[in-house]
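Here the structure comes first, spelled out in structure tokens, and everything after it is commentary.
Coordinate-derived values only; no laboratory data. Please read these numbers as outputs of a predicted model, since none were measured by experiment. Cβ coordinates were reconstructed from backbone atoms using ideal geometry, including for glycine residues, and neighbour counts include every protein chain displayed.
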Amino acid sequence: MSSARLTVLVGPAGTGKTTTLAALKNVWEQTYGRGAVVGLAPSATAAAELGHALGIECENTAKWLHESTGSGAGRRSDLLAHLQAERTTACGIDQRTRLRTIDTAINTLTAQSESYRLRRDQLLIVDEASLAGTFTLDALTAQASAAGAKVLLVGDHKQLSAVDAGGAFHLLAERSRPATLTSLWRFSQPWEAAATRRLRTGDPAVIEDYAEHDRISAGPAEVMCEDAYTAWQTYTQNGIPAILIAADSHTVDVLNARAHNDRVTNGLVGPVGITKTDGTQIAVGDRVLSRANNRRLRTPHGYVRNGDLWQVTAITGGALTVIPVARPGSAMTATGEGSRSRPDTSPSTSNSGTPPPRTAPKASPWTGLTCSRPPAWSARTSTSP
């Protein structure tokens, strides 16, 4: 790897980015020791996926900055100062228990502070860096530079960009000399691998390739929406995991409501459940998507993350009992108000402007004439045939 303090790795979807990062982590730890790699990502879900790939605990960028230099660090510093002052008054034999309690709290807070502090020769991997805001990347790079650590920004500037003020990763990818992964492993058909490269760069002529292989259907919006839904329904009825991707939130809501009603008719979802404030019905058998992080709600595999997909197994007094779709075997019960996880019904459909909750063997993208290249690219690469 380059000796520069900041390195960029461009990894388009399907090029083996996860495998590459896992190998890099092993090599780095062989040189600098266990714990020499720190992993971050803009979202909690992406951080969890990165942690699973690297075999280490990873965090989202907002949480890291909050705990390292933000208000979380300030509160911890104030509490440590208070405990140090209290410790000076814990004198005498009768104060031994109190002193041990104070020392335990001080050690715990100190360890927490150390876990959010970079050290010399550590490697800070920021995955999905194209989704991170410029100020976030600047703050992380400044921390690493001050500590003598190295930063590796990983992502694809041709995909979805940051919600916050962004552009730093795109600038670095275009104007510096980034390392780029080029071999596509996700696709079994050579023509499709080549086509996704052209779609990624915005080549309009690639549409002809998809059309020649019957990958595009055209017609009135209502007809195309119906065809996409029918394809998703056929796949799922045959036991093939599938994602139905729509171009806007209204279409997502309509398709999810239809999927819910059809599954009720087929006996796959309970006829009675709870009603959300927007009128959406949730019943046993539905799949729901959590829309906020909640570290107080925990399963054996970690806390509830924004974007986690769940299967509803029971409803009691307005509380949902759910199991994670991707991690079966760990149940959780939460109420819509108390959990603050804002569950959304999502049995089938994802917005094309948001990364899909998972990679599936089949996808049925439905797009209008105004669909831009990044969502189209994301939809075409979210499958693994």
Note down the nm distance, to one decimal, between modelled labels 7 Å out along Cα→Cβ at H52 and at A23.
-> 2.2
Which of the GluC sites (Glu not before Pro) across the stretch 10-101 are loop residues per DSSP, with 16 or fewer other Cβ within 10 Å?
-> E57
Decide, for the stretch 173-261, between rounded, prolate and oblate: order the square roots of the alpha carbon gyration tensor eigenvalues as a ≥ b ≥ c, take rounded if a/c falls under 1.5, and otherwise choose prolate if a/b is larger than b/c, else oblate.
-> prolate
Simple spin-label estimate for Q189/A81, 7 Å along Cα→Cβ, in nm, reads 6.5
For the stretch 163-211 and the stretch 231-268, compute the distance between their C-alpha centroids and round to whole Å.
-> 29
To the nearest Å, what is the center-to-center distance of the stretch 290-314 and the stretch 85-102, using C-alpha atoms only?
-> 40
Give the shape of the stretch 1-185 as rounded, prolate or oblate, defined through the alpha-carbon gyration tensor: a ≥ b ≥ c are the square roots of its eigenvalues, a/c under 1.5 means rounded, and otherwise the shape is prolate if a/b is larger than b/c and oblate if not.
-> prolate
Estimated vicinal HN-Hα couplings, Hz - the stretch 293-308 in sequence order (Karplus 6.51, -1.76, 1.60; Gly, Pro = x) = 6, 9, 6, 7, 9, 10, 10, x, 9, x, 7, 6, 10, 4, x, 5
Sites T108 and S176 - FRET efficiency at Förster radius 25 Å, r taken between beta-carbons, to 0.05 | 0.05
Between the modelled labels at Y210 and I240 (7 Å from Cα along Cα→Cβ) the distance in nm is 1.8
Mean shadow area of the stretch 29-85 over all directions, Cα convex hull, nm² = 5.1
Extension gain, R296 back to T31 (0.36 nm per residue minus Cα-Cα distance, nm) = 91.7 nm
